[in-house]
Amino acid sequence: MWSRGAGRSGCWRRWWGWLSVGEHSAEYRAYIASAKWRRLRADMIKLAENKCQACGAASPRLSVHHITYERLGKERPSDLLVLCSFCHEHADRKRERDVAASAARHHWNARLDGWATKRYGEDWNYYYDESEVEEEFEEWLDRRGDDY
Ligand SMILES: [Zn+2]
């Protein structure tokens, strides 16, 4: 599910970076201003027949929403959604929540791995059942009174 040895805390920081900087990063702004994005955007709106893909409203002011920024610059059609301004606002909030949940999960996995590595060694998830080790880790946290 997540790659081992890929720099655990660095990984977490990258996720957090997306969450806090998100669409205001220089890379994002440069891309959104590019001819490539404007063309893709126009194609998506045409494909959606000038209607919001969430509520179906025909609107002259449609936005093309990124469901995910994972493939920014090389989006798949399924990464994008044509939305009216109302649905767009709603979708932005949902994406923020999804990113936060995913970052929290990532952080949890990193903590679990650190703990299990200390206890069982580097290849713990090769020799032990991950869900059992996770339960053990939770119990250990409970005993410590760590309510994370
Ligand atoms: Zn809509």
Quiz item: Rounded, prolate or oblate: which one fits region 39-148, using the alpha carbon gyration tensor with axes a ≥ b ≥ c (rounded when a/c is under 1.5, else prolate when a/b beats b/c, else oblate)?
Solution: prolate
Quiz item: Roughly how many Å is it from the Cα centre of region 47-69 to that of region 80-148, as a whole number?
Solution: 32
Quiz item: When the dipole is taken about the Cα centre of region 22-144, and only Lys, Arg (+1) and Asp, Glu (-1) are charged at their Cβ, what size is it in debye, to the nearest 20?
Solution: 1240
Quiz prompt | Gain upon complete extension [Tyr120, Arg38; 0.36 nm per residue less C-alpha separation] | solution = 24.3 nm
Practice problem: Determine the gain in length on full extension of the stretch Ser25-Ala57; use 0.36 nm per residue of separation and subtract their C-alpha separation, reporting nm with one decimal. | Solution: 8.5 nm
Self-check item: Virtual spin-label span in nm between Tyr127 and Lys74, 7 Å along Cα→Cβ
Solution: 3.9
Practice problem: Just add up the charged neighbours of Met44: K/R +1, D/E -1, any other residue whose Cβ is under 13 Å from the Cβ of Met44. | Solution: +3
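Laboratory data are not the source of any read-out in this text; all were calculated from the coordinates shown. Since we're looking at a predicted model, the values are computed, not measured. Methodologically, a virtual Cβ is constructed for each residue, glycine included, from the backbone with ideal geometry; neighbour enumeration extends over all protein chains shown.
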